[in-house]
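Shown next, in structure tokens, is the structure this report addresses.
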Amino acid sequence: MKNQITQYETHLNRITFFLNGEKITADIPAGISTLDWLHTKKHLYGTKCSCNEGDCGACTVVIAFPFEGIIIYQAITSCLYPAAKLHGKHLITIEGLGSPEKLHPIQQALLTHHGIQCGYCTPGFVLSLFALFAMQPHPDRKTVFSALEGNLCRCGTYQNILNAVDELSANQNVKDLVPAWCRKVEQELFRFQEQDSMLVVKTEIPQQVNCYLMPETTKQLFDLCAEHPESVFIAGGTDIMVQKNINRKEFPFLIDLTAIPEFNRLYLQQDGLHIGSAVTYNQLWESGIVKTHFPVLHNLISQIASQQIRNFGTLGGNIANASPVGDTIPLLMVLNASLWLQSQLELRHIPLKDFFLAYRKTALQKGEIIKEIIIPPLTEDNYVKTVKSAKRQSVDISSVITAVNIEYKNGRIINSALAIGGVASIPVLSKKFPFLLKSKQIKALDPAAIGKEIESEFEPITDVRGTALFRRELIRNHLILYLQELQEAENEL
Amino acid sequence: MNSEPYHLSGTLHLCGKSRFIADEPPLQGELYAKFLFSPVAHSLITKLDISAAEKMPGVVKVITSASIPGINQIGTVIKDEPLFPEKEIMYVGQPLAMVLAEDEYIAELAVNKIILKLEELPAIFAAEDAYNKKQGYISERKIESGDVETALKNAPFTLQGRTVTTGQEHFYLEGQRCLAVPFEGNRITLHTATQSTMEVQEVTSRVLGIPANDVIIEVPRLGGAFGGKERGATIWACMAALAAFLTKRPVLVKLTRSEDMHYTGKRHPFTSLWQVGYDENGKILAYDLLLLANGGAYADLSMAILERAMFHSENAYFIPDIRIRGYACKTNLPPNTAFRGFGAPQGIFVMESILDKIARQLKIDPLEIRQRNAYQNGQLTPYGQEITHSQLNNIYAKLAEKANYSMLKEEVAEFNKHNPRYKRGIGITPVKFGISFTTALLNQGSALVWVYIDGSVSVSTGGVEMGQELSTKVAIVVSRVLGIPVNQIRVESSNTQRIGNASPTAASTGSDINGNAARLAAEKIKANLTQSAIALIAQKYELTVFPEDIIFSENKVFGKDFPDAYITFPELVSYAHTERIPLAAYGYYKTPGLWFDRDKGIGHPFHYFVYGAALAEVELDTLLGEHTIRKLFIVHENGNSLNEAIDRGQIEGAVLQGIGWCTMEDLIYDEKGLYLSANPSTYKIPGIRNLPAETYIEIIPSATEEASVFGSKGIGEPPLIYGLSVFFALQAAYKEANPEKELSFPATPESLIK
């Protein structure tokens, strides 16, 4: 860890937003998380900190903001959410919902169903449920699991919480669940126009982040890059903030990309789906285009992290982060995804498979960012699937993640691709796989033999997420799974 | 189902307004403590230079072993653990120095400026290695009944083996913390997240060299503990106390999740070596067991945990000839400590895996073999305590009926026949759990009850509220005695000035001990008030009522034949006060009839047993090693529950912790003893999707004469054992695909596709 006490001037961000119904303007330390801000600057301690890395949900709060013509309510893990992003939004914390004398209906249901034991996770559950019911008054079980899988309760009150949810879902109207003061703020959110401004304050107190910049145009962005070449880019922040909170890494300059409209676009063109690098997982998941044209991506997203993370984590961040176990990468690779990279002087196009160079090292040059991810249209007859293996079947990072894309006609394979994460320092495409399958009859494939062959192509390592042996076994078994499924589908014809 | 009253702190919790230590604005002048933790497992300290750290702006003080005014010793059962090691480091993460600064981040930066030089020594991490070197805290312990060697020789069949269970991280959502605030003179108040106020007070005063009455312990409530704060809180409370004592400023010690996971003790991993003899009917004739508990670097509670493992080794089965030996191994891991179940799950796991082995060997149904071996009333445990109120026969019958067992078995067999990839399995696990601290002296407790003149009531006990709703249960008890509504009763924080010498809130005894103490105190007040009630009723209604006919009910007091001639409780209290009748009482309770002779391994260590059984059905994906729990049936005997909804919540929560331990919670260390899965992104505890798809819990009442307060029974730990049924169900499914292999513990996807 570098000690940079007086090397840089420390900045504050002046932002304006709503906190539990009240409009406030605050000067916030650069890069401070929403949770730390609530605790240290507002002395609001109802929001709990338990893991400080987005994995437990105790710090869940809700943000409301306009999106495509409506106000949406989203649960987020406040420990990873940079407070600077609150500008123009409504932050709802446990202090805003109900009082011991007059509980909110969600709180009342949790009380009478004994959905509380030690109480430390409770505010987080209440807020996750608030976001859920604000958007969807009668959620099905699947949606409820999605909404709550990011909230851990070590006392194990989940069943009672589900019972409370069932009662709410059966009896409540959305108008009773979103309080009037929230509705009132909604109007103001639509009208919100204040610009955020930056204050520069010299201070002797060391901070991990000296300056948090939020450009609103690409011109501003690249001007800032030129001015501060040591800047690190931040999109959702679900990884940068973990590095900051847990690894105690220092970031002198952080440039947030999410306020730039171009990076938030999601649209379909002839050459495929264009995903701006600041588009969140949840936007992708909710998108009708993705649901219709890329169902395999839609399904995969529901297996990534938790709702609270998907609400601000981005696909662009997942790629730029270059984790060897990035959940989306193998699928994007077999779909022949490509990237538009942008810097002050240049816009260039690069296939995703050429983007990863070495462990956490990418083709991005200094001052260059991912502008868009492009996924070409799926062909009708392709078998495309991705399988993620992890210790826990939700909210976990993969031990191994694979994806295949097999193009076939009349029972015969034309083209195929297999990509794997978790078996090398970067996500990789199998060299053998297309060769082994080329021109073969599907019925004649020997899944076990192919699995064994592919397994021998890789030299996975043993780490905390699994032994090398386990990873090899997973590679083989994933292959068996894909090929057997393909054969079954073929047999049904 | 009696589900009211609801959680006494429920409305506060739900609004984020309940008080947790350190989740509040810092005090004026409060300092933050950060630690230098040992990077190695076993080493000599050759240099510890704090001068550069001390000079950093914003740093107030750096504390090491040299700063301790009293005795550098925080051990209790065995005094073997220093607060800071002086020469020899014993585990990765052992605190070596503490930096105090005005700002948390400055404290962190200053820790990096401490210069540490080491001379590394060989370290031991495995229990068996320690056992082979005779590296333990005390000599081997033994409980023996009959002649196991002869019985093994004569048994028609024998098996032997080695069984391993791994540790478990507590993962209380509220991490370890203590806020120490200096008070007048040398006195100090510790707001500490502990299950054990007496221990923190005793050890802190020893370290500071001041009398216990100079140290005030205050525990508002805990955000989960599960045993991890029974002893685990002591070291951090001592740190905060020492720092506040030396700086005369408030000091906050608050571990981050990562520090908490890295450096605090966990559930004991056990390695067990065993031999068993049985007949063709699957009846166990002889059992010879050696339990090796991996205690970590210091004794902590390892002896007591080992002892409870030994007491539960035969689980719910009568075995005529049995020898249980146990050894608490000293290794270079952070000192392992109490965790819900306290050794019992480890002992029971061995027995249950043996029964499944025998059942498979002899092709006997797994439920049938458990019924054949079940304890019957009148039989003696290996330590000589008579089984008097076992309902095991009834429990097994109900379980089979609830689960529609024979049909379920057929369904599973049919499914497995037609599915090469997915396999289903059934697992059955009963429990007989002994309630009481096995260290008899801990089975005592106190309560202090005040009735204020408006009729509202304040109750203090030595018990600590940590989500188990001890407070709600104590309030129910007092409400029943005084005939007043629960919302008129406040159950206070645990504080040594009100209740001293409190045993830890642990061993599922919280409501038995503290509830009974509160009951006795309330009964004293009731007796006093009865005399006043007779006088007041006579005055008001010109009625003569005998003391034995006075009834306290629904906030009223009246003669049993004259319910309309009542006085209200507040009216009575106000009158009693004017008549100078005492409105407070101290209640003291000790659990009757407990004794145990450790040398002979004989006694009556438990007040009573709790019985029950669980049946789990799982489906395993043999390709991916993933599984779902399709059904979980539980039949649990529970005395006369004070609040069935609370007890159900305890069952569900304990089961899920048991399932987590057996199926996903995987502690991974490197070869140097550094714990690698020390964060929630790599150490997985059950989430909402890990609930069984269907859970059926039937709570059956039982004879109350042997139970505790108002016929209720302890509930915290016994149901954790039901989680084991999921492991055995997975093992059954796994063996469908791999008949020759054994499933290793825990049953992670990695184990399940091995």
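The values are calculated or read from the model by the stated rules, or taken from the named source; none is laboratory data. Being a predicted model, the structure only gives us computed values, none of them experimental. Neighbour counts run over all protein chains shown; Cβ positions are idealised from the backbone, glycine included.
Give the stretch B:651-684 a look and list any residue that's more than 30 Å from B:ASN2 (Cβ to Cβ) and at the interface with chain A (Cβ under 7 Å from one of its Cβ atoms), or say none. Before the answer, list the steps.
Initial filter on the stretch B:651-684 (more than 30 Å from B:ASN2 (Cβ to Cβ)): B:661-684.
Correct list: B:MET664, B:ASP666, B:ILE668, B:LEU676, B:SER677, B:ASN679, B:PRO680, B:SER681, B:THR682, B:LYS684.
When the stretch B:459-508 is examined, which residues are found to be over 23 Å from B:GLU717 (Cβ atoms), assigned to a helix (DSSP H, G or I) and touching a strand residue (DSSP E or B) at 6+ places or on another chain (Cβ under 7 Å)?
If the condition is that a residue be over 23 Å from B:GLU717 (Cβ atoms), assigned to a helix (DSSP H, G or I) and touching a strand residue (DSSP E or B) at 6+ places or on another chain (Cβ under 7 Å), then B:VAL478, B:SER479, B:LEU482, B:GLN488 are the ones that fit.
Conditions tested, residue by residue: (1) surrounded by fewer than 24 Cβ atoms within 10 Å (Cβ to Cβ); (2) among the acidic types (Asp, Glu); (3) within 14 Å of chain A (Cβ to nearest Cβ).
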position: B:TYR452; (1), (2), (3): yes, no, no
position: B:SER458; (1), (2), (3): yes, no, no
position: B:GLY463; (1), (2), (3): no, no, no
position: B:GLU469; (1), (2), (3): no, yes, yes
position: B:GLY483; (1), (2), (3): yes, no, no
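Cβ-Cβ distance below 8 Å, separation of 6 or more or different chains: which pairs start in the stretch B:44-73 with a residue that is assigned to a helix (DSSP H, G or I) and end on one that is of a type in the set (A, V, I, L, M, F, W, C) and surrounded by fewer than 13 Cβ atoms within 10 Å (Cβ to Cβ)?
B:ALA52/B:ILE115
Please work out which one of (1) away from every other protein chain (no Cβ under 12 Å); (2) out of contact with any Pro (no Cβ under 8 Å at 6 or more places or on another chain); (3) not in a loop (DSSP other than H, G, I, E, B) is the condition B:LYS34 fails and give its number.
The number of the failed condition is (1).
I'm trying to understand the selection: among the residues of the stretch A:461-471, which are free of Cβ contacts under 8 Å to residues at least 60 places away in the same chain and facing another protein chain (nearest Cβ under 9 Å)? Please lay out each step first, then the result.
Taking the stretch A:461-471 and keeping what is free of Cβ contacts under 8 Å to residues at least 60 places away in the same chain, we get A:461-464, A:467-469.
Scanning the stretch A:461-471 gives A:ASP463, A:VAL464, A:THR467, A:LEU469.
Search the stretch A:314-326 for residues being surrounded by fewer than 24 Cβ atoms within 10 Å (Cβ to Cβ) and not in a helix (DSSP H, G or I), and hand back the single one that is farthest from the chain's Cα centre (by Cα).
So the residue we want is A:PRO324.
Quick check: anything in the stretch A:402-413 outside the structural domain of A:VAL334 (by TED's automatic domain parsing), free of Cβ contacts under 8 Å to residues at least 60 places away in the same chain and buried (at least 23 other Cβ atoms within 10 Å of the Cβ)?
no
Does B:TYR287 satisfy being crowded, with 24+ Cβ neighbours inside 10 Å and either among the acidic types (Asp, Glu) or more than 27 Å from B:ALA654 (Cβ to Cβ) (or both)? Walk me through it before giving the result.
Details: crowded, with 24+ Cβ neighbours inside 10 Å: yes; either among the acidic types (Asp, Glu) or more than 27 Å from B:ALA654 (Cβ to Cβ) (or both): no.
When the stated conditions are applied, B:TYR287 does not pass them.
In the stretch B:6-31, which residues are in contact with a strand residue (DSSP E or B) (Cβ under 8 Å, 6 or more places away or on another chain) and more than 9 Å from chain A (Cβ to nearest Cβ)? Don't jump to the end; show me each part of the working.
From the stretch B:6-31, those in contact with a strand residue (DSSP E or B) (Cβ under 8 Å, 6 or more places away or on another chain) are B:8, B:21-22, B:26-27, B:30-31; that's our starting set.
Across the stretch B:6-31, the qualifying residues are B:LEU8, B:ILE21, B:LEU27, B:GLU30, B:LEU31.
Do any strands (runs of 3 or more DSSP E) entirely within the stretch A:222-294 hold 1 or more residues that are under 17 Å from A:SER338 (Cα atoms), and if so, which? Break it down into steps so the answer makes sense when it comes.
Values: elements: A:232-234, A:251-256, A:266-269, A:272-276.
In the stretch A:222-294, A:266-269, A:272-276 are the strands (runs of 3 or more DSSP E) which contain 1 or more residues that are under 17 Å from A:SER338 (Cα atoms).
Please enumerate the residues belonging to the stretch B:686-736 that are within 30 Å of B:GLY593 (Cα to Cα), of a type in the set (Phe, Trp, Tyr) and more than 14 Å from chain A (Cβ to nearest Cβ).
Pass one, the stretch B:686-736, residues within 30 Å of B:GLY593 (Cα to Cα): B:699-722.
Next, only the ones that are of a type in the set (Phe, Trp, Tyr) stay: B:710, B:722.
Residue satisfying the conditions is B:PHE710 alone.
Can A:LEU474 be described as more than 16 Å from A:ASN405 (Cα to Cα), touching a strand residue (DSSP E or B) at 6+ places or on another chain (Cβ under 6 Å) and within 11 Å of chain B (Cβ to nearest Cβ)?
On the way: more than 16 Å from A:ASN405 (Cα to Cα): yes; touching a strand residue (DSSP E or B) at 6+ places or on another chain (Cβ under 6 Å): yes; within 11 Å of chain B (Cβ to nearest Cβ): yes.
Yes.
Taking the condition modelled with pLDDT of 95 or more, touching a Gly at 6+ places or on another chain (Cβ under 8 Å) and of a type in the set (D, E, K, R), does B:GLU652 pass?
Working: modelled with pLDDT of 95 or more: yes; touching a Gly at 6+ places or on another chain (Cβ under 8 Å): yes; of a type in the set (D, E, K, R): yes.
Taking the combined requirement at face value, the residue satisfies it.
Can you find, within the stretch B:359-369, the residue that is farthest from B:LYS283 (Cα to Cα) among those that are among the aliphatic types (A, V, I, L, M) and surrounded by 21 or more Cβ atoms within 10 Å (Cβ to Cβ)? Step through it out loud before you land on a result.
Step one: filter the stretch B:359-369 for residues among the aliphatic types (A, V, I, L, M), giving B:359, B:362, B:364, B:367, B:369.
Next, from what is left, pick out any that are surrounded by 21 or more Cβ atoms within 10 Å (Cβ to Cβ): B:367, B:369.
Values: B:LEU367: 13, B:ILE369: 7 Å.
Per the stated criteria, the residue is B:LEU367.
I'm trying to understand the selection: among the residues of the stretch A:201-230, which are in contact (Cβ under 8 Å) with a residue 40 or more places away in the chain, more than 12 Å from chain B (Cβ to nearest Cβ) and buried (at least 17 other Cβ atoms within 10 Å of the Cβ)?
Within the stretch A:201-230, A:ASN210, A:CYS211, A:TYR212, A:LEU213, A:MET214, A:PRO215, A:THR218, A:LEU221, A:PHE222, A:CYS225 qualify.
Does A:ILE304 fit the bill of being under 14 Å from the mean Cα position of the chain (by Cα), aliphatic (A, V, I, L, M) and over 22 Å from A:PRO377 (Cβ atoms)? So that I can check it myself, show each step before the final result.
Numbers: under 14 Å from the mean Cα position of the chain (by Cα): yes; aliphatic (A, V, I, L, M): yes; over 22 Å from A:PRO377 (Cβ atoms): yes.
Against the criterion (under 14 Å from the mean Cα position of the chain (by Cα), aliphatic (A, V, I, L, M) and over 22 Å from A:PRO377 (Cβ atoms)), A:ILE304 qualifies.
Going residue by residue through the stretch B:248-258, is there one that turns out to be away from chain A (no Cβ under 14 Å), of a type in the set (Ser, Thr, Tyr) and either touching a residue at least 24 places away in the same chain (Cβ under 8 Å) or within 20 Å of B:LEU442 (Cβ to Cβ) (or both)?
no
For the stretch A:118-131, state whether one or more residues are modelled with pLDDT of 95 or more, touching a strand residue (DSSP E or B) at 6+ places or on another chain (Cβ under 8 Å) and surrounded by fewer than 24 Cβ atoms within 10 Å (Cβ to Cβ). Before you say what the answer is, go through the steps one by one.
Of the stretch A:118-131, the ones modelled with pLDDT of 95 or more are A:118-131.
Imposing the further condition that a residue be touching a strand residue (DSSP E or B) at 6+ places or on another chain (Cβ under 8 Å) reduces the set to A:123-125, A:127-128, A:130-131.
Okay, now just the ones that are also surrounded by fewer than 24 Cβ atoms within 10 Å (Cβ to Cβ), so none.
Taking every residue of the stretch A:118-131 in turn, none turns out to be modelled with pLDDT of 95 or more, touching a strand residue (DSSP E or B) at 6+ places or on another chain (Cβ under 8 Å) and surrounded by fewer than 24 Cβ atoms within 10 Å (Cβ to Cβ).
Looking at B:GLY296, B:GLY343, which is the one that is surrounded by 24 or more Cβ atoms within 10 Å (Cβ to Cβ), of a type in the set (Gly, Ala, Ser), within 19 Å of B:ILE721 (Cβ to Cβ) and touching a residue at least 60 places away in the same chain (Cβ under 8 Å)?
Working: B:GLY296 fails: within 19 Å of B:ILE721 (Cβ to Cβ).
That would be B:GLY343, the only listed residue that is surrounded by 24 or more Cβ atoms within 10 Å (Cβ to Cβ), of a type in the set (Gly, Ala, Ser), within 19 Å of B:ILE721 (Cβ to Cβ) and touching a residue at least 60 places away in the same chain (Cβ under 8 Å).
Scanning the stretch A:392-449 for residues that are under 30 Å from A:ALA147 (Cβ atoms) and hydrophobic (A, V, I, L, M, F, W, C), which turns out farthest from the other protein chains (Cβ to nearest Cβ)? Steps first, please.
Step one: of the stretch A:392-449, the residues under 30 Å from A:ALA147 (Cβ atoms) are A:392-403, A:421-422, A:427.
From the residues that got through so far, the ones that are hydrophobic (A, V, I, L, M, F, W, C) too are A:395, A:397, A:400-401, A:403.
Details: A:VAL395: 6, A:ILE397: 6, A:VAL400: 10, A:ILE401: 12, A:ALA403: 15 Å.
Only one residue tops the list, namely A:ALA403.
Quick one: B:SER574 ticks every box in (1) in a loop (DSSP other than H, G, I, E, B); (2) of a type outside the set (Asp, Glu); (3) out of contact with any Ser or Thr (no Cβ under 6 Å at 6 or more places or on another chain) bar one, so which box is it?
All conditions pass for B:SER574, except number (1).
Considering only residues that are out of contact with any Ser or Thr (no Cβ under 7 Å at 6 or more places or on another chain) and within 14 Å of another protein chain (Cβ to nearest Cβ), which ones fall in the stretch B:737-747? Step through it out loud before you land on a result.
Step one: filter the stretch B:737-747 for residues out of contact with any Ser or Thr (no Cβ under 7 Å at 6 or more places or on another chain), giving B:738-742.
Residues satisfying the conditions are B:ASN738, B:LYS741.
Scan the helices (runs of 4 or more DSSP H) fully inside the stretch A:120-187 and keep the ones with 1 or more residues being within 7 Å of chain B (Cβ to nearest Cβ). Don't jump to the end; show me each part of the working.
Values: elements: A:122-135, A:141-148, A:158-171, A:174-177.
The qualifying helices (runs of 4 or more DSSP H) are A:122-135, A:141-148, A:158-171.
Kindly indicate the residue of the stretch B:88-106 that is more than 14 Å from chain A (Cβ to nearest Cβ) and in a loop (DSSP other than H, G, I, E, B) and also surrounded by the most Cβ atoms within 10 Å (Cβ to Cβ) among those meeting that condition.
Top of the filtered list is B:GLN94.
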